[in-house]
1. Checking Ala47 against (1) surrounded by 17 or more Cβ atoms within 10 Å (Cβ to Cβ); (2) small (Gly, Ala, Ser); (3) in a helix (DSSP H, G or I), which test does it fail?
2. Does Lys89 satisfy the criteria of being among the basic types (Lys, Arg) and either modelled with pLDDT under 95 or in contact with a helix residue (DSSP H, G or I) (Cβ under 9 Å, 6 or more places away or on another chain) (or both)?
3. Testing Ala39 on (1) of a type outside the set (Ser, Thr, Tyr); (2) surrounded by 14 or more Cβ atoms within 10 Å (Cβ to Cβ); (3) within 13 Å of the chain's Cα centre (by Cα), one condition comes back false. Which one is that?
4. Among the numbered criteria (1) surrounded by 12 or more Cβ atoms within 10 Å (Cβ to Cβ); (2) among the polar types (S, T, N, Q); (3) free of Cβ contacts under 8 Å to residues at least 12 places away in the same chain, which single criterion is violated by Ser103?
5. Return yes when Val80 is in contact with an Asp or Glu (Cβ under 7 Å, 6 or more places away or on another chain), within 15 Å of Leu55 (Cβ to Cβ), surrounded by 11 or more Cβ atoms within 10 Å (Cβ to Cβ) and not small (Gly, Ala, Ser) and no when it is not.
Amino acid sequence: MRLLLCVLLFVSAGAAADTTADLVALEQKLTDALFRSDAEAVGALWADDLVWIGLNGRPSSKAEQLATMKPLPAGTPPSVLAVTNKDVKVRLYGASAVVVVLSTWTTRAEAGERKTDFVATHVWNERDGQWRLVSAHIARVAQ
């Protein structure tokens, strides 16, 4: 009985580690797609019933957020130069997960480059074997 319990705990811990790694990879995939303003890639990661709360504190939907993502006209320099996820913390709750992401966005400014840290709280839900973002709340990190 003890052996069976140990095996089950070991398998469970391994599955949780795999799921955590999968969610960290999905967060990176999402960050990369947001950086490129790739609405198709972003849309594939977001649930249709996504609730997005941005810097202004107002909720918006998946459709509303995707409508703001437009590719830059040819020859236009990008305003976002780089995005780096500095810290990703995952907490698993069965078929749901809360992920807190600390990232730095480097943007073009009149005086040169500007780095701004943001923290996002993301809620992911596993549906039909696929993880989808169902809620996001983004805030600027105070200096």
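The values are calculated or read from the model by the stated rules, or taken from the named source; none is laboratory data. Only a predicted model underlies this, so the values are computations on that prediction, with no experimental measurement involved. Because the Cβ atoms are built from the backbone with ideal geometry, glycine has one as well, and the counts that use them run over all protein chains shown.
1. With (1) surrounded by 17 or more Cβ atoms within 10 Å (Cβ to Cβ); (2) small (Gly, Ala, Ser); (3) in a helix (DSSP H, G or I) applied to Ala47, the lone miss is (3).
2. no
3. The one condition Ala39 does not meet is (3).
4. All conditions pass for Ser103, except number (3).
5. It is false that Val80 is in contact with an Asp or Glu (Cβ under 7 Å, 6 or more places away or on another chain), within 15 Å of Leu55 (Cβ to Cβ), surrounded by 11 or more Cβ atoms within 10 Å (Cβ to Cβ) and not small (Gly, Ala, Ser).
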